[in-house]
Amino acid sequence: MCYTKYILMSILCLVTQYGWAQDEKPYFEGEIMRTSMVNGRGGEYKGKHIERFVYKNGSRHIYDTRLCRHIIQLYDQNRCIVYYDGQDKAAEYPLDKLYALGRSASAWGATKKFEFHKTDETVVIQGYTCDIYEGTQEVDQNFKVGILSLPTDRQTLTTIGYRYAVCPNWRTDSIWQKFGDNDHFPVEGMVMKMVSDLKVADRVKFSRVHSNLYQSEVVTKIEERPVDDKEFELPAGVTVQKFRTFFSAGTLLSEMEATNRKMLKKEKRYPTQLPDNDTFDTDDDWED
């Protein structure tokens with residue numbers, strides 16, 4: 001379960017930033033605030049996320065202010081480091097191993113259909129004119145699961161609908177597609193607003209399960225400023241445990257998440273989660 005959860009978390013947190021690595025536009029340096037709403041089945045936390053992104057030279061430090069989680073993504077070093085406030089441990093794994101898992105048929109499934117295109121629409125967000133992109137992906141996964149000690153066929157069809165507002169001024173978010181798939185995501189710039197709607201149809205023998213995971217995200221603040229390298233350093237006393245792949249880090253990531261959740265609940269700071277839903281409003285103009 002922890003692997004599925006962190007794949008979903010990583011899809012929400014990382015793979016939603018697309019573009020051309022060859023783009024010659026400058027990097028954005030400074031910080032932005034993104035507010036997102038996540039609902040449905042799956043993911044670490046269902047509800048409102050308020051995240052602070054600090055960018056420099058293509059790298060970024062993401063801080064979820066509600067969950068007290070840090071994700072440091074060092075672009076040139078191919079490293080991702082995850083830690084939580086108040087804990088003395090961190091998990092590190094190569095970024096390309098995460099995305100390789102996202103593309104492998106065994107871990108994520110075979111893409112049956114992929115459509116992604118730039119529309120004629122534009123929208124102004126935080127004073128910046130953004131291009132609108134839309135897309136649809138279908139992923140088919142077939143594998144064996146054990147039921148009553150007997151191998152059984154399991155078939156899963158995942159459909160994801162995307163809609164993005166992208167500011168073309170910089171290539172900051174675009175470069176992360178180096179670890180994704182440029183052919184399928186011809187997006188350039190910084191993602192200022194995003195909506196993704198993930199639907200899963202799961203079948204095991206005569207059992208059928210349908211579930212959704214929906215995310216809406218928008219930039220609420222953007223500030224260009226000089227960024228010190230210290231903003232990408234870990235706090236003193238934090239020990240980093242390195243892993244060869246994202247999957248191998250799954251157990252430690254789950255332990256860190258559980259410890260953080262317990263601490264925040266004890267201090268009455270853990271945000272209220274939304275209930276699991278199979279259906280929900282997909283209007284991207286959400287509020288508290």
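Odds and ends about this structure:
- Residue, modelled with the lowest pLDDT, within the stretch 197-212, restricted to residues that are of a type in the set (A, V, I, L, M, F, W, C) and surrounded by fewer than 23 Cβ atoms within 10 Å (Cβ to Cβ): F206
- Candidate set from the stretch 218-266 (those that are of a type outside the set (A, V, I, L, M, F, W, C) and in a strand (DSSP E or B)); member that is nearest to K48 (Cα to Cα): T220
- Residue list for the stretch 111-153, filter: modelled with pLDDT under 65 and either in a strand (DSSP E or B) or open to solvent by less than 30 Å² (accessible area, probe 1.4 Å) (or both): F143, K144, V145, G146, I147, L150, P151, T152
- Filtered residues of the stretch 65-101 (kept if at pLDDT 95 or above and part of a strand (DSSP E or B)): R69, H70, I71, I72, I81, V82, Y83, Y84, K89, A90, A91, E92
- Failed criterion for K48 (all others in (1) at pLDDT below 95; (2) surrounded by fewer than 16 Cβ atoms within 10 Å (Cβ to Cβ) hold): (2)
- Any hit, the stretch 154-168, residues being over 18 Å from the mean Cα position of the chain (by Cα), within 23 Å of M37 (Cα to Cα) and modelled with pLDDT of 80 or more: yes
- Among (1) in a strand (DSSP E or B); (2) among the β-branched types (V, I, T); (3) modelled with pLDDT under 90, the one test that I62 misses: (3)
- Taken over the stretch 175-196, the criterion of being open to solvent by less than 30 Å² (accessible area, probe 1.4 Å) and at pLDDT 80 or above is satisfied by G189, M190, V191, M192, M194, V195, S196.
- Here is the figure for the stretch 215-239: residues that are surrounded by 14 or more Cβ atoms within 10 Å (Cβ to Cβ) and under 13 Å from Y84 (Cα atoms) total 2.
- Pairs where the first residue, in the stretch 51-75, is touching a residue at least 60 places away in the same chain (Cβ under 8 Å) and the second is polar (S, T, N, Q) and open to solvent by less than 30 Å² (accessible area, probe 1.4 Å), C-beta under 6 Å, 6+ apart: Y55/T172; R60/Q73; L74/S59; Y75/S59
- Identity of the residue in the stretch 240-259, polar (S, T, N, Q) and out of contact with any Lys or Arg (no Cβ under 7 Å at 6 or more places or on another chain), that ends up surrounded by the most Cβ atoms within 10 Å (Cβ to Cβ): S254
- Whenever a residue of the stretch 224-247 is farther than 16 Å from K56 by Cβ, its partners that are of a type in the set (K, R) and surrounded by 13 or more Cβ atoms within 10 Å (Cβ to Cβ), lying with C-beta atoms within less than 6 angstrom and at least six residues away or across chains, give the pairs T239/K89; T245/K97; F246/K97.
The values are calculated or read from the model by the stated rules, or taken from the named source; none is laboratory data. All of these numbers come straight from a predicted model, not from anything done at the bench. Because the Cβ atoms are built from the backbone with ideal geometry, glycine has one as well, and the counts that use them run over all protein chains shown. Remember, those area values only see protein heavy atoms, side chains included, never the ligands or the DNA or RNA. Shrake-Rupley method; radii C 1.70, N 1.55, O 1.52, S 1.80 Å.
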